[in-house]
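Accompanying notes for the structure given below.
The values are calculated or read from the model by the stated rules, or taken from the named source; none is laboratory data. Remember, predicted model here, so these are calculated numbers, not experimental data. Here Cβ is always computed from backbone atoms with ideal geometry, including for glycine, and neighbour counts include all displayed protein chains. Surface accessibility is based on the protein's heavy atoms, side chains included, excluding ligands, DNA and RNA. Shrake-Rupley method; radii C 1.70, N 1.55, O 1.52, S 1.80 Å.
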Amino acid sequence: MILQIIAVAGGLGLIIAALGLVVMRGLRRRSIGVMLAVVAVVTVTATLAGVVAITMEMIIDGRPKNIVLTVVTIGGLVGLGVALINARRVVMASRRLVEALDQVSPSGRFQPPDGPLPAELETISRALEQAYERLRLGREREQALESARRELVAWVSHDLRTPLAGMRAMAEALEDGVADDPDTVKRYHTQIRVEVDRLSSMVDDLFELSRIHAGTLRLSRNKVGLGDLVADALAGVEPLARAKRVRLSGEADAVLPVNADAGELSRAVRNLVVNAIRHTPADGTVSVRAVARGNVATVSVLDCCGGIPEDDLPRVFDVAFRGEAARTPGPDGGAGLGLAIARGIVEAHEGEIGVMNEGPGCRFEIRLPLSA
Ligand SMILES: Nc1ncnc2c1ncn2[C@@H]1O[C@H](COP(=O)(O)OP(=O)(O)OP(=O)(O)O)[C@@H](O)[C@H]1O
Ligand SMILES: [Mg+2]
(Lines give C-alpha, C1' and ligand atoms only; values in the text may rest on other atoms or scores of the structure.)
(Ligands and ions follow the chains in the order given, each with its own letter.)
Protein backbone atom coordinates (compact mmCIF):
# COMPACT_ATOMS: atom_id res chain seq x y z
CA MET A 1 0.00 0.00 0.00
CA ILE A 2 2.70 2.52 1.08
CA LEU A 3 4.85 1.52 -1.89
CA GLN A 4 1.92 2.19 -4.18
CA ILE A 5 1.45 5.69 -2.69
CA ILE A 6 5.17 6.46 -3.07
CA ALA A 7 5.15 5.23 -6.66
CA VAL A 8 2.11 7.27 -7.70
CA ALA A 9 3.08 10.49 -5.83
CA GLY A 10 6.75 10.21 -6.85
CA GLY A 11 5.95 9.44 -10.48
CA LEU A 12 3.57 12.37 -10.86
CA GLY A 13 5.95 14.63 -8.90
CA LEU A 14 8.81 13.73 -11.23
CA ILE A 15 6.75 14.40 -14.36
CA ILE A 16 5.64 17.81 -13.04
CA ALA A 17 9.16 18.66 -11.83
CA ALA A 18 10.52 17.83 -15.30
CA LEU A 19 7.91 20.07 -16.91
CA GLY A 20 8.78 22.82 -14.38
CA LEU A 21 12.48 22.50 -15.22
CA VAL A 22 11.73 22.85 -18.93
CA VAL A 23 9.67 25.97 -18.25
CA MET A 24 12.39 27.41 -15.96
CA ARG A 25 14.98 26.80 -18.66
CA GLY A 26 12.93 28.94 -21.00
CA LEU A 27 12.65 31.61 -18.29
CA ARG A 28 16.25 31.60 -17.08
CA ARG A 29 16.84 35.22 -18.09
CA ARG A 30 13.63 36.40 -16.43
CA SER A 31 13.34 37.92 -13.00
CA ILE A 32 13.92 36.01 -9.77
CA GLY A 33 10.24 36.70 -9.03
CA VAL A 34 8.99 34.72 -12.04
CA MET A 35 11.28 31.86 -11.15
CA LEU A 36 10.03 31.87 -7.55
CA ALA A 37 6.46 31.77 -8.85
CA VAL A 38 7.27 28.77 -11.08
CA VAL A 39 8.84 27.00 -8.10
CA ALA A 40 5.71 27.61 -6.04
CA VAL A 41 3.43 26.42 -8.86
CA VAL A 42 5.49 23.27 -9.32
CA THR A 43 5.41 22.51 -5.59
CA VAL A 44 1.69 23.07 -5.28
CA THR A 45 0.82 21.16 -8.46
CA ALA A 46 2.98 18.22 -7.50
CA THR A 47 1.41 18.00 -4.05
CA LEU A 48 -2.05 18.40 -5.43
CA ALA A 49 -1.60 15.85 -8.23
CA GLY A 50 -0.21 13.33 -5.77
CA VAL A 51 -3.03 13.78 -3.34
CA VAL A 52 -5.71 13.64 -6.06
CA ALA A 53 -4.29 10.48 -7.56
CA ILE A 54 -3.97 8.77 -4.22
CA THR A 55 -7.39 9.74 -2.93
CA MET A 56 -8.87 8.39 -6.20
CA GLU A 57 -6.95 5.18 -5.70
CA MET A 58 -7.94 4.78 -2.11
CA ILE A 59 -11.64 4.75 -2.96
CA ILE A 60 -12.34 6.74 0.14
CA ASP A 61 -15.97 7.63 0.40
CA GLY A 62 -17.17 11.12 -0.61
CA ARG A 63 -16.68 13.15 2.57
CA PRO A 64 -13.02 12.51 3.52
CA LYS A 65 -12.02 12.70 -0.13
CA ASN A 66 -13.61 16.14 -0.51
CA ILE A 67 -12.15 17.33 2.78
CA VAL A 68 -8.63 16.28 1.75
CA LEU A 69 -9.02 17.89 -1.67
CA THR A 70 -10.38 21.13 -0.21
CA VAL A 71 -7.72 21.41 2.46
CA VAL A 72 -4.91 20.72 0.03
CA THR A 73 -6.30 23.17 -2.54
CA ILE A 74 -6.65 25.92 0.02
CA GLY A 75 -3.18 25.22 1.36
CA GLY A 76 -1.83 25.31 -2.17
CA LEU A 77 -3.55 28.60 -2.97
CA VAL A 78 -2.26 30.17 0.24
CA GLY A 79 1.27 28.98 -0.62
CA LEU A 80 0.92 30.34 -4.14
CA GLY A 81 -0.27 33.71 -2.79
CA VAL A 82 2.66 33.96 -0.39
CA ALA A 83 5.09 33.03 -3.16
CA LEU A 84 3.63 35.70 -5.43
CA ILE A 85 3.84 38.37 -2.72
CA ASN A 86 7.43 37.40 -2.05
CA ALA A 87 8.21 37.45 -5.73
CA ARG A 88 6.74 40.92 -6.01
CA ARG A 89 8.84 42.10 -3.08
CA VAL A 90 12.02 40.83 -4.68
CA VAL A 91 11.07 42.45 -7.97
CA MET A 92 10.28 45.78 -6.31
CA ALA A 93 13.51 45.68 -4.29
CA SER A 94 15.63 45.06 -7.35
CA ARG A 95 13.76 47.82 -9.17
CA ARG A 96 14.61 50.21 -6.28
CA LEU A 97 18.23 49.21 -6.57
CA VAL A 98 18.22 49.89 -10.31
CA GLU A 99 16.57 53.29 -9.73
CA ALA A 100 19.27 54.15 -7.15
CA LEU A 101 21.88 53.21 -9.76
CA ASP A 102 20.18 55.43 -12.35
CA GLN A 103 20.42 58.32 -9.92
CA VAL A 104 24.17 58.10 -9.35
CA SER A 105 25.28 61.73 -9.38
CA PRO A 106 27.87 63.01 -11.86
CA SER A 107 30.32 63.20 -8.96
CA GLY A 108 29.86 59.41 -8.70
CA ARG A 109 28.15 59.14 -5.31
CA PHE A 110 25.84 56.11 -4.98
CA GLN A 111 22.96 56.55 -2.54
CA PRO A 112 21.61 53.11 -1.52
CA PRO A 113 17.79 52.81 -1.80
CA ASP A 114 15.74 53.64 1.31
CA GLY A 115 14.20 50.80 3.26
CA PRO A 116 15.27 47.20 3.72
CA LEU A 117 16.44 45.00 0.85
CA PRO A 118 16.64 41.20 0.76
CA ALA A 119 20.02 40.02 2.04
CA GLU A 120 21.59 39.32 -1.36
CA LEU A 121 20.46 42.64 -2.82
CA GLU A 122 21.66 44.39 0.32
CA THR A 123 25.09 42.83 -0.19
CA ILE A 124 25.11 43.95 -3.80
CA SER A 125 24.01 47.44 -2.79
CA ARG A 126 26.81 47.70 -0.23
CA ALA A 127 29.36 46.40 -2.72
CA LEU A 128 28.13 48.96 -5.26
CA GLU A 129 28.39 51.74 -2.72
CA GLN A 130 31.99 50.79 -1.95
CA ALA A 131 32.90 50.39 -5.61
CA TYR A 132 31.46 53.80 -6.49
CA GLU A 133 33.26 55.37 -3.52
CA ARG A 134 36.56 53.85 -4.67
CA LEU A 135 35.92 55.08 -8.21
CA ARG A 136 35.07 58.54 -6.95
CA LEU A 137 38.21 58.78 -4.81
CA GLY A 138 40.28 57.48 -7.72
CA ARG A 139 38.80 60.08 -10.04
CA GLU A 140 39.39 62.85 -7.51
CA ARG A 141 42.99 61.75 -7.06
CA GLU A 142 43.44 61.65 -10.82
CA GLN A 143 41.99 65.14 -11.22
CA ALA A 144 44.21 66.51 -8.47
CA LEU A 145 47.25 64.86 -10.06
CA GLU A 146 46.31 66.14 -13.47
CA SER A 147 45.92 69.72 -12.30
CA ALA A 148 49.16 69.47 -10.29
CA ARG A 149 50.88 68.17 -13.42
CA ARG A 150 49.53 71.05 -15.49
CA GLU A 151 50.62 73.53 -12.87
CA LEU A 152 54.01 71.89 -12.68
CA VAL A 153 54.54 72.10 -16.42
CA ALA A 154 53.57 75.78 -16.34
CA TRP A 155 55.92 76.57 -13.45
CA VAL A 156 58.76 74.45 -14.64
CA SER A 157 58.70 75.91 -18.12
CA HIS A 158 58.73 79.36 -16.54
CA ASP A 159 61.56 78.35 -14.22
CA LEU A 160 63.53 76.92 -17.13
CA ARG A 161 62.89 79.84 -19.44
CA THR A 162 63.96 82.58 -17.01
CA PRO A 163 67.49 81.30 -16.33
CA LEU A 164 67.88 80.22 -19.96
CA ALA A 165 67.14 83.76 -21.10
CA GLY A 166 69.78 85.08 -18.66
CA MET A 167 72.31 82.53 -19.82
CA ARG A 168 71.63 83.35 -23.44
CA ALA A 169 72.19 87.06 -22.78
CA MET A 170 75.46 86.36 -20.97
CA ALA A 171 76.66 83.94 -23.67
CA GLU A 172 75.86 86.51 -26.38
CA ALA A 173 77.69 89.25 -24.47
CA LEU A 174 80.72 86.98 -24.20
CA GLU A 175 80.49 85.96 -27.85
CA ASP A 176 80.16 89.53 -29.19
CA GLY A 177 82.90 90.79 -26.93
CA VAL A 178 80.51 93.24 -25.24
CA ALA A 179 81.66 91.85 -21.93
CA ASP A 180 85.41 91.96 -22.22
CA ASP A 181 86.84 93.07 -18.88
CA PRO A 182 88.27 90.01 -17.11
CA ASP A 183 86.08 90.42 -13.99
CA THR A 184 82.82 90.46 -15.93
CA VAL A 185 83.93 87.55 -18.13
CA LYS A 186 84.77 85.50 -15.04
CA ARG A 187 81.50 86.45 -13.33
CA TYR A 188 79.45 85.49 -16.40
CA HIS A 189 81.21 82.15 -16.70
CA THR A 190 80.59 81.37 -13.03
CA GLN A 191 76.97 82.45 -13.26
CA ILE A 192 76.39 80.33 -16.35
CA ARG A 193 77.88 77.29 -14.59
CA VAL A 194 75.75 77.87 -11.47
CA GLU A 195 72.60 78.15 -13.59
CA VAL A 196 73.52 75.03 -15.57
CA ASP A 197 73.98 73.13 -12.28
CA ARG A 198 70.63 74.33 -11.01
CA LEU A 199 68.83 73.47 -14.25
CA SER A 200 70.35 70.02 -14.43
CA SER A 201 69.39 69.25 -10.86
CA MET A 202 65.88 70.41 -11.69
CA VAL A 203 65.70 68.15 -14.75
CA ASP A 204 67.06 65.35 -12.57
CA ASP A 205 64.30 66.00 -10.00
CA LEU A 206 61.68 65.93 -12.75
CA PHE A 207 62.96 62.57 -13.92
CA GLU A 208 62.89 61.17 -10.41
CA LEU A 209 59.35 62.44 -9.89
CA SER A 210 58.10 61.00 -13.15
CA ARG A 211 59.66 57.64 -12.18
CA ILE A 212 57.89 57.80 -8.82
CA HIS A 213 54.55 58.64 -10.45
CA ALA A 214 54.89 56.03 -13.15
CA GLY A 215 55.71 53.45 -10.45
CA THR A 216 59.00 52.64 -12.16
CA LEU A 217 61.24 53.73 -9.29
CA ARG A 218 63.47 50.68 -8.85
CA LEU A 219 64.74 50.35 -5.30
CA SER A 220 67.74 48.15 -4.66
CA ARG A 221 67.18 47.54 -0.99
CA ASN A 222 69.71 46.36 1.54
CA LYS A 223 70.04 46.49 5.28
CA VAL A 224 71.47 49.94 5.94
CA GLY A 225 72.15 51.84 9.16
CA LEU A 226 69.91 54.88 9.27
CA GLY A 227 72.35 56.69 11.59
CA ASP A 228 75.17 56.40 9.03
CA LEU A 229 72.88 57.45 6.25
CA VAL A 230 71.85 60.59 8.14
CA ALA A 231 75.50 61.37 8.97
CA ASP A 232 76.38 61.10 5.25
CA ALA A 233 73.47 63.35 4.27
CA LEU A 234 74.59 65.93 6.84
CA ALA A 235 78.18 65.82 5.56
CA GLY A 236 76.84 66.46 2.04
CA VAL A 237 74.96 69.64 3.01
CA GLU A 238 77.65 71.00 5.33
CA PRO A 239 78.98 73.49 2.71
CA LEU A 240 75.46 74.86 2.12
CA ALA A 241 74.94 75.30 5.88
CA ARG A 242 78.30 77.00 6.25
CA ALA A 243 77.52 79.36 3.36
CA LYS A 244 74.23 80.30 5.03
CA ARG A 245 75.83 80.41 8.50
CA VAL A 246 73.33 77.88 9.79
CA ARG A 247 74.43 75.51 12.56
CA LEU A 248 73.86 71.83 11.83
CA SER A 249 73.44 69.42 14.72
CA GLY A 250 73.09 65.70 14.24
CA GLU A 251 72.27 62.93 16.67
CA ALA A 252 71.62 59.27 15.95
CA ASP A 253 70.95 56.08 17.90
CA ALA A 254 73.76 53.58 17.43
CA VAL A 255 72.14 50.89 15.29
CA LEU A 256 69.05 51.65 13.27
CA PRO A 257 68.89 48.96 10.63
CA VAL A 258 66.34 49.62 7.91
CA ASN A 259 65.75 47.75 4.68
CA ALA A 260 66.28 50.55 2.21
CA ASP A 261 67.82 51.84 -0.98
CA ALA A 262 70.57 53.94 0.58
CA GLY A 263 70.90 56.28 -2.42
CA GLU A 264 67.19 57.07 -2.66
CA LEU A 265 66.62 57.35 1.08
CA SER A 266 69.53 59.75 1.57
CA ARG A 267 68.12 61.82 -1.28
CA ALA A 268 64.84 62.09 0.68
CA VAL A 269 66.69 63.06 3.89
CA ARG A 270 68.87 65.54 2.00
CA ASN A 271 65.79 67.22 0.52
CA LEU A 272 64.42 67.78 4.03
CA VAL A 273 67.71 69.09 5.38
CA VAL A 274 68.30 71.39 2.38
CA ASN A 275 64.81 72.86 2.86
CA ALA A 276 65.46 73.33 6.58
CA ILE A 277 68.74 75.15 5.89
CA ARG A 278 67.15 77.30 3.17
CA HIS A 279 64.35 78.43 5.47
CA THR A 280 66.45 78.99 8.59
CA PRO A 281 67.94 82.47 9.07
CA ALA A 282 71.66 82.97 9.66
CA ASP A 283 72.81 81.84 13.13
CA GLY A 284 69.78 79.58 13.40
CA THR A 285 70.09 75.84 14.04
CA VAL A 286 68.91 72.83 12.08
CA SER A 287 68.92 69.66 14.13
CA VAL A 288 68.56 66.20 12.68
CA ARG A 289 67.83 63.21 14.89
CA ALA A 290 67.55 59.53 14.01
CA VAL A 291 66.01 57.44 16.78
CA ALA A 292 64.12 54.19 17.26
CA ARG A 293 60.61 54.21 18.72
CA GLY A 294 59.35 50.68 19.19
CA ASN A 295 59.91 48.97 15.87
CA VAL A 296 59.90 52.22 13.91
CA ALA A 297 62.95 54.26 12.98
CA THR A 298 62.34 57.99 12.92
CA VAL A 299 64.38 60.72 11.28
CA SER A 300 63.31 64.20 12.30
CA VAL A 301 64.55 67.51 10.95
CA LEU A 302 63.84 70.51 13.15
CA ASP A 303 64.53 74.02 11.86
CA CYS A 304 64.05 77.68 12.76
CA CYS A 305 61.86 78.69 9.81
CA GLY A 306 59.36 80.50 12.04
CA GLY A 307 56.60 78.01 11.23
CA ILE A 308 54.77 77.14 8.03
CA PRO A 309 51.32 78.80 7.63
CA GLU A 310 48.62 76.36 8.82
CA ASP A 311 46.91 76.49 5.41
CA ASP A 312 50.10 75.42 3.67
CA LEU A 313 50.91 72.51 6.01
CA PRO A 314 48.76 69.90 4.23
CA ARG A 315 50.02 71.03 0.81
CA VAL A 316 53.78 71.15 1.22
CA PHE A 317 54.16 67.59 -0.11
CA ASP A 318 52.14 68.32 -3.25
CA VAL A 319 53.98 68.39 -6.55
CA ALA A 320 54.96 71.93 -7.50
CA PHE A 321 53.75 73.43 -4.24
CA ARG A 322 55.93 76.34 -3.17
CA GLY A 323 55.42 78.71 -0.31
CA GLU A 324 54.92 82.39 -1.14
CA ALA A 325 58.61 83.26 -0.63
CA ALA A 326 59.83 80.39 -2.80
CA ARG A 327 57.83 81.35 -5.86
CA THR A 328 60.18 83.97 -7.18
CA PRO A 329 62.93 82.23 -9.08
CA GLY A 330 66.31 83.15 -7.71
CA PRO A 331 69.41 81.38 -6.50
CA ASP A 332 67.36 79.99 -3.61
CA GLY A 333 64.03 79.43 -5.35
CA GLY A 334 63.19 75.76 -5.89
CA ALA A 335 60.77 74.09 -8.24
CA GLY A 336 58.60 72.69 -5.47
CA LEU A 337 59.64 69.11 -6.21
CA GLY A 338 61.84 68.24 -3.23
CA LEU A 339 59.14 67.23 -0.75
CA ALA A 340 57.02 65.43 -3.36
CA ILE A 341 60.11 63.37 -4.21
CA ALA A 342 60.87 62.76 -0.53
CA ARG A 343 57.31 61.54 0.04
CA GLY A 344 57.42 59.27 -3.03
CA ILE A 345 60.68 57.70 -1.90
CA VAL A 346 59.55 57.23 1.72
CA GLU A 347 56.24 55.68 0.64
CA ALA A 348 58.07 53.34 -1.73
CA HIS A 349 59.85 52.13 1.43
CA GLU A 350 56.48 51.52 3.19
CA GLY A 351 57.24 54.51 5.40
CA GLU A 352 55.45 57.73 6.29
CA ILE A 353 56.45 61.35 6.13
CA GLY A 354 54.85 64.26 7.95
CA VAL A 355 55.31 67.81 9.11
CA MET A 356 54.21 69.93 12.05
CA ASN A 357 55.08 73.32 13.43
CA GLU A 358 57.17 73.10 16.55
CA GLY A 359 59.23 75.49 18.64
CA PRO A 360 61.02 78.10 16.55
CA GLY A 361 60.16 76.42 13.27
CA CYS A 362 58.82 73.17 11.93
CA ARG A 363 59.62 69.51 12.24
CA PHE A 364 59.66 67.17 9.24
CA GLU A 365 59.63 63.51 10.19
CA ILE A 366 60.27 60.30 8.26
CA ARG A 367 59.13 57.05 9.86
CA LEU A 368 60.36 53.71 8.53
CA PRO A 369 59.85 50.15 9.77
CA LEU A 370 63.01 48.88 11.52
CA SER A 371 64.42 45.83 9.84
CA ALA A 372 64.52 42.68 12.03
N1 LIG B 1 61.87 73.38 6.38
C2 LIG B 1 60.95 74.18 5.85
N3 LIG B 1 60.61 75.32 6.47
C4 LIG B 1 59.67 76.15 5.95
N5 LIG B 1 59.02 75.92 4.80
C6 LIG B 1 59.31 74.80 4.14
C7 LIG B 1 60.29 73.88 4.62
N8 LIG B 1 60.37 72.86 3.76
C9 LIG B 1 59.49 73.14 2.77
N10 LIG B 1 58.86 74.29 2.98
C11 LIG B 1 57.82 74.90 2.13
O12 LIG B 1 57.33 73.89 1.28
C13 LIG B 1 57.51 74.24 -0.09
C14 LIG B 1 57.78 73.00 -0.90
O15 LIG B 1 59.04 72.45 -0.58
P16 LIG B 1 59.81 71.59 -1.67
O17 LIG B 1 61.07 71.09 -1.08
O18 LIG B 1 58.86 70.58 -2.21
O19 LIG B 1 60.07 72.64 -2.82
P20 LIG B 1 61.17 73.76 -2.92
O21 LIG B 1 62.15 73.61 -1.80
O22 LIG B 1 60.47 75.05 -3.03
O23 LIG B 1 61.86 73.41 -4.30
P24 LIG B 1 62.87 72.19 -4.63
O25 LIG B 1 62.93 71.33 -3.42
O26 LIG B 1 62.26 71.50 -5.80
O27 LIG B 1 64.17 72.82 -4.94
C28 LIG B 1 58.64 75.24 -0.08
O29 LIG B 1 58.55 76.09 -1.17
C30 LIG B 1 58.40 75.96 1.23
O31 LIG B 1 57.44 76.96 1.08
MG1 LIG C 1 63.08 71.69 -1.42
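Placing +1 on the Cβ of every Lys and Arg and -1 on the Cβ of every Asp and Glu, with no other charges, gives segment 144-214 a dipole of roughly 280 debye about its Cα centre.
Rounded to the nearest 20 debye, the dipole size of the chain about its Cα centre is 1900 debye, using +1 on the Cβ of Lys and Arg and -1 on the Cβ of Asp and Glu.
Semi-axes of the equivalent ellipsoid for segment 164-299, computed as √(5λ) from the eigenvalues of its C-alpha gyration tensor and ordered from largest down, come to 38, 21, 10 Å. What the chain shows is 60 Å² of accessible area per residue, with the surface traced by a 1.4 Å probe over protein heavy atoms. Simple rule: put +1 on each Lys or Arg Cβ and -1 on each Asp or Glu Cβ in the chain, find the dipole, and look at 202, 240, 258; the Cα lying farthest toward the positive end is 258. Basic side chains Lys and Arg get +1 at the Cβ, acidic Asp and Glu get -1 at the Cβ, and with that the dipole of segment 100-158 about its Cα centre reaches some 320 debye. Along the chain, the longest continuous region that contains none of the GluC sites (Glu not before Pro) in a DSSP loop with at most 16 other C-beta atoms within 10 Å is 1-309. Karplus-based coupling profile of segment 222-230, in residue order and whole Hz: 9, 6, 10, x, 5, x, 5, 4, 5, with θ = phi - 60° in 6.51 cos²θ - 1.76 cosθ + 1.60 and x standing for Gly or Pro.
For segment 144-214, the Kirkwood estimate of hydrodynamic radius, built from reciprocal distances between every pair of different alpha carbons, is 13.9 Å.
Shown for the chain: the carbon plus sulfur share of the solvent-accessible area, taken with all protein chains present and a 1.4 angstrom probe, equals 60%. Taking each pair of different alpha-carbon atoms in segment 233-331 once, compute 1/r for the pair, average those values, and report the inverse of that mean as the Kirkwood hydrodynamic radius in Å to one decimal. Final number for the Kirkwood radius of segment 233-331 is 14.9 Å. Of 110, 207, the order by accessible heavy-atom surface (1.4 Å probe, DNA, RNA and ligands excluded), from most exposed downward, is 207, 110. Of the trypsin sites (Lys or Arg not before Pro) in segment 80-149, the ones in a loop by DSSP (not H, G, I, E or B) with at most 16 other beta carbons within 10 Å are 109.
Annotation: average projected area of the chain is 33.4 square nanometres, based on the convex hull of Cα atoms across all directions.
With a Förster radius of 25 Å, plug the Cβ-Cβ distance of residue 283 and residue 367 into 1/(1 + (r/R0)^6) and report the FRET value to the nearest 0.05. Once rounded, the FRET efficiency stands at 0.25. On C-alpha positions alone, give me the angle between the axis of helix 338-348 and the longest principal axis of the chain, in degrees, nearest 10. Taking the Cα atoms of the chain, the angle to 338-348 is about 40 degrees.
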